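The values are calculated or read from the model by the stated rules, or taken from the named source; none is laboratory data. Predicted model only: the values in this text are computed from it and were never measured. Areas reflect the complete protein model, heavy atoms only, side chains present, ligands, DNA and RNA absent. Shrake-Rupley method; radii C 1.70, N 1.55, O 1.52, S 1.80 Å.
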Amino acid sequence: MLELRPNCECCDKDLSPDSTEAMICSFECTFCRGCVEGNLNNQCPNCGGNFSQRPIRPGNTLAKFPASTKRVHNSDS
Ligand SMILES: [Zn+2]
Ligand SMILES: [Zn+2]
């Protein structure tokens, strides 16, 4: 199950569980669309993989399977 991380690892932008801007790689490194299409050039800086748009978990299941609130941010970049 996806963690649905709450922010972009690169620019720390908030990415809500229903955001269509959230992009993930196969390891669920999470970035906003702006970073992916911009300086990341559609390649994950952590694992080298490509990105897909994160699927949106329907609201009626979020109560039972809540999104992660643990922010992951790579402060080196
Ligand atoms: Zn970003
Ligand atoms: Zn990755």
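Using 0.36 nm per residue and subtracting the Cα-Cα separation, the extra length available between N60 and D14 on full extension is 14.4 nm. With viscosity 0.890 mPa s and temperature 25 °C, the Kirkwood radius over alpha carbon pairs of the chain converts through Stokes-Einstein to a diffusion coefficient of 198 µm²/s. The slack in the chain from V72 to N41, taken as 0.36 nm per residue of separation less the alpha-carbon distance, amounts to 9.2 nm. Based on DSSP H segments of at least four residues, each scored -39500 (n - 2.57), the chain has a per-residue ellipticity at 222 nm of -2000 deg cm²/dmol. Ligands, DNA and RNA left out, the 1.4 Å accessible surface of the chain is 50% carbon and sulfur atoms.
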